[in-house]
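Each remark here refers to the structure printed beneath this line.
The values are calculated or read from the model by the stated rules, or taken from the named source; none is laboratory data. This one's a predicted model, so the numbers in the text were calculated from it and none came from an experiment. Glycine also receives a Cβ, built like all others from the backbone with ideal geometry; neighbour counts cover every protein chain displayed.
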Amino acid sequence: MTRISSNIPKIYAFKFFMGLHFIGGVLIPFFTDWGGVRFFQVMVLQAFFVFSVFLLEVPTGAVADHLGRKVSLILAALVNAAAVFVYASKPAFGVFLVGEFLWAMSYALASGADEAFVYDSLKQMNDEAHSKKVLARFRSFELSALMLSAPMGSAIATYIGLRESMLFMSIPFALAFLLAFTLEEPAFADEKQPRGYLETLIEGLRYFRDHRILRTLAFDKVAIGSLAFLVIWTYQPLLKLVGIPLIYFGFVHAGLTGVQIPFMNNFGRLERGFGSRKRYLVGSALIAGVAFVLLGVFPYAPVTILLLMVIAGFGLSRQVLLDNYMNKHIESSVRATVISAVSMIHTLVMAVLYLVAGLMVEWSLRGTLVAIGAAVIVCGLLARTREEHLVD
């Protein structure tokens, strides 16, 4: 195995360690029970998080393009570990704001840089034709970590404490930090000459602005992806509403992440089953939207869990598929910056949705779910993605 080819298993391991979120299945109780904040305040924290990502996304993407993806990933793991200690230090809204900012910085440092690292490693190996499979597997390692860690976190929260579910994450993040030093920086194949930070930033933004296909794919990713992701913040209040005990929250979270893995590793079969790539994108959006609507209508625990799995499978996994198609239209020299530009738009939309959803959930959780489903269906029908945009 060459040094570049060894990047692939190492980056899989890095993603796995960074995905060990013991807090995932009990995040709402951590904030509301241990932290003493209301659900709307939780959504304010998340809006602050995504707005911080919005401010940091393109600058950190340009750092990855200018200084290297490896440096960006090392910093991401280090800052994430620091965020964990801040969160667990004191149950106070102001402290949580600092933790959210640090987590946002870590997210922004990794966002774009990790995908660009994978794709450019494949490109240097002359193996980018397998990018759909590798990117899906890359995301699957993160989901596997989320799936394994969520039940562990529920057990930690139940038998030790909610604070410890957060604090224990510092261990895998420290391992990811050490592992990142062993990565081999791939060459930027399209780089003609050294560029300054500002030039890298401006070129990446201009590239996205002038690329019609990228803008079309970005609408699909941002609009439907943002709405579908709200299931992560609404399912825990919903489980409480239908009477499911805290100890089982992590298992439901594991199901939400685990169900995405077979979807992401079988995109080709799913696309063929639906008749075309475009039909799968539209169909998956419509199925997720209808599931949201039904989730708001049927107040029964077994039906609730089944519909949550449908939303996760069809609604959340499609992000990886769109990332693959977008990468086909981006040059390596600006890849991390362009991906970060899309993520920046995504996070700005999420900031608004979090605040709206926070207010709506306190008014009516079930009414909010129906509204989300209707919005997903409308966006799925409005998306203008064409079959020729979806290049393998």
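Of the helices (runs of 4 or more DSSP H) lying entirely inside the range 260-339, those carrying at least 2 residues that are polar (S, T, N, Q) are 318-327. With the condition kept exactly as written, say whether any residue in the range 262-271 is over 18 Å from Met309 (Cα atoms) and modelled with pLDDT of 90 or more. Scanning the range 262-271, I find at least one residue that is over 18 Å from Met309 (Cα atoms) and modelled with pLDDT of 90 or more, so the answer is yes. Taking first residues from the range 360-385 that are surrounded by fewer than 20 Cβ atoms within 10 Å (Cβ to Cβ) and partners that are in a loop (DSSP other than H, G, I, E, B) and not aromatic (Phe, Trp, Tyr), the Cβ contacts under 6 Å between residues at least 6 apart in sequence or on separate chains come to Arg366/Gly296; Val370/Gly296. Residues that are among the small types (Gly, Ala, Ser) and surrounded by fewer than 21 Cβ atoms within 10 Å (Cβ to Cβ) occur in the range 12-32; there is at least one. Those helices (runs of 4 or more DSSP H) of the range 145-250 in which at least 3 residues are surrounded by 15 or more Cβ atoms within 10 Å (Cβ to Cβ) and modelled with pLDDT under 90, considering only elements entirely within it, cover 197-209, 212-219.
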